[in-house]
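The structure appears below as structure tokens.
The values are calculated or read from the model by the stated rules, or taken from the named source; none is laboratory data. This structure is a prediction, so every number in the text was calculated from the model and none was measured. Cβ atoms come from the backbone with ideal geometry, glycine included; neighbour counts cover every protein chain shown. Side chains are part of the model used for accessible areas, which takes the heavy atoms of the whole protein and leaves out ligands, DNA and RNA. Shrake-Rupley method; radii C 1.70, N 1.55, O 1.52, S 1.80 Å.
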Amino acid sequence: MSENLNKLSGQGVSIWLDDISRERLRTGNLDQLIREKNVVGVTSNPTIFAGALSKGDAYNAQLHDLAVRGVTVEEAVRAITTYDIRWAADVLRPVYDATGGVDGRVSLEVDPRLARESEKTVAEARALWWMVDRPNLFIKIPATLEGLPAITQALSEGISVNVTLIFSLERYRAVMDAWLAGLEAAQAKGLDLATIESVASFFVSRVDTEIDKRLDKLGKPELKGKAGIANARLAYAAYEEVVSSERWQRLRAAGARPQRPLWASTGVKNPDYSDTMYVDQLVAPGTVNTMPEKTLDATADHAQVTGDTVRPFYEQAWNTMAALKEAGIDYDDVVRVLEEEGVEKFEASWNELLESVTKNLVP
């Protein structure tokens with residue numbers, strides 16, 4: 001095992017792999033990453049599945065059987081994705097058991113075309129939860145305004161949720177409120193709160209990509225590459241406020257567990273930046289960092305894990321955000337654009353997935 005990854009785990013950061021494929025599962029690669037790279041969870045999204053299906057022949061046999069049965073394309077996509085998720089959940093089950101259900105989790109996203117429809121999102125979440133039928137599953141629901149009531153409803157029914165596509169501090173606070181409301185509703189129904197887990201996926205590198213582009217136009221290059229980390233650090237400050245509240249303490253006393261902040265989009269988009277900056281600059285206890293394999297390998301090789309790099313830097317983070325505002329960056333517009341683009345990108349990947357399955361549904 002890598003000393004750097006051991007240090008990161010020792011600081012209370014759960015290392016998850018931001019990727020899944022049938023090939024990775026059938027070759028035993030995921031099991032190897034668990035044993036050798038401290039991986040204790042897996043996230044997926046429509047882009048990841050579209051990529052997996054476009055490579056190799058791992059899905060051919062299942063696609064053939066689905067075609068012979070004459071299933072619809074959408075049914076075929078659900079069958080393919082839930083198959084991989086069940087398999088990954090089984091591989092990670094020992095981690096789930098060893099951590100008391102905290103880690104060993106696998107995430108599966110609802111159809112991103114439903115991101116603006118609360119009721120349909122809940123219905124899809126229920127269907128996927130039933131189809132996978134594994135206790136270490138997370139259903140990914142986007143943090144759109146319409147997603148918030150869906151998050152509350154799913155949690156109230158005992159469905160563990162990974163809230164995705166969070167960019168703004170204001171929306172993150174709304175997500176935490178939706179989570180607390182869901183737990184309170186679950187408690188009122190008599191459900192065991194200890195069995196309901198949640199993480200909140202706060203996106204990092206995409207914030208820098210959008211703001212850096214605007215800083216170039218404003219002629220302020222000295223502020224580039226600072227927004228994503230500052231924004232995430234302030235998200236952790238907001239999380240600390242919520243978990244110190246009386247509202248949360250009541251739920252905790254009833255057996256609930258915190259909704260951990262998850263750093264998503266941690267692959268560096270700008271080659272001028274350190275390829276581990278979204279890992280070693282966001283070390284804090286009780287967090288998850290979900291990494292593409294390239295970032296995982298870079299972290300193992302040369303990350304600088306020196307301890308908590310979030311809580312000692314709150315003031316610096318506020319100063320960074322203030323400097324960006326003074327430079328002419330409209331934060332509210334940035335996060336609005338990022339949410340819209342995030343939904344659009346996942347919709348495009350979903351459509352790509354549907355097209356790929358359509359082409360390959362040949363008896």
Q. Does a label point 7 Å from the Cα of D133, set along Cα-to-beta-carbon, have any residues of the stretch 48-80 with amide nitrogen under 15 Å, and which are they?
A. 79
Q) Label 7 Å along Cα→Cβ of R250; the stretch 179-201 residues with amide nitrogen under 13 Å? A) 180-188
Q) Measuring with a 1.4 Å probe in the full set of protein chains, what accessible area per residue, in whole Å², belongs to the stretch 267-363? A) 51 Å²
Q: Would you tell me the accessible area of T164, worked out with a 1.4 angstrom probe on the heavy atoms of the protein chains, in Å² to the nearest 10?
A: 0 Å²
Q.
If I fit a long axis through the Cα atoms of helix 60-69 and take the longest principal axis of the Cα atoms of the chain, what angle between them do I get, 0 to 90°, rounded to 10?
A. 60 degrees
Q) How much length is gained on full extension from D97 to K189, taking 0.36 nm per residue of separation minus their Cα-Cα distance? A) 30.6 nm
Q.
I want the local charge near S44. Using Cβ-Cβ distances under 10 Å, sum +1 for each Lys or Arg and -1 for each Asp or Glu among the other residues.
A. -3
(Q) As an exercise, use a Förster radius of 25 Å and the Cβ-Cβ distance of K294 and E340 to find the FRET efficiency, rounded to the nearest 0.05. (A) 0.40
(Q) If you average 1/r across every pair of different Cα atoms in the stretch 299-363 and take the reciprocal, what Kirkwood value do you get, in Å? (A) 16.4 Å
Q: Measure off 7 Å from each Cα along the Cα-to-Cβ vector at D272 and A123, then give the distance between these two points in nanometres to one decimal.
A: 4.9 nm
Q: Using a cut-off of 13 Å between beta-carbons, work out the net charge of the residues near P261 (Lys and Arg +1, Asp and Glu -1, P261 not included).
A: +2
Q.
Using only the alpha-carbon atoms, what does the stretch 229-322 span along each of its principal axes? Please give whole angstrom values in decreasing order.
A. 45, 32, 22
Q) Roughly what percent of Cα-Cα pairs across the chain reach past 26 Å? A) 49 percent
Q) Modelled label-to-label distance, Q304 and R113, 7 Å Cα→beta-carbon offset: nm? A) 4.7 nm
Q: Add +1 for every Lys or Arg and -1 for every Asp or Glu among the other residues with Cβ under 12 Å from the Cβ of E157, and state the total.
A: +2
Q | Segment A237-E326, extension gain: residue separation times 0.36 nm, minus the distance between their alpha carbons | A | 29.8 nm
Q. Can you pull the percent of Cα pairs in the stretch 1-106 with separation above 18 Å?
A. 52 percent
Q.
Only Cα pairs within less than 10 Å get springs; with that Gaussian network setup on the chain, which residue of S44, S244, S118 has the largest fluctuation?
A. S244
Q. Taking all protein chains as present, what is the carbon and sulfur share of the accessible area of the chain, in % to the nearest whole number, probe 1.4 Å?
A. 50 percent
Q: Give me D for the stretch 157-256 in µm² s⁻¹, whole number, from Stokes-Einstein with Rh from the Kirkwood sum over alpha-carbon pairs, 10 °C and 1.306 mPa s.
A: 104 µm²/s
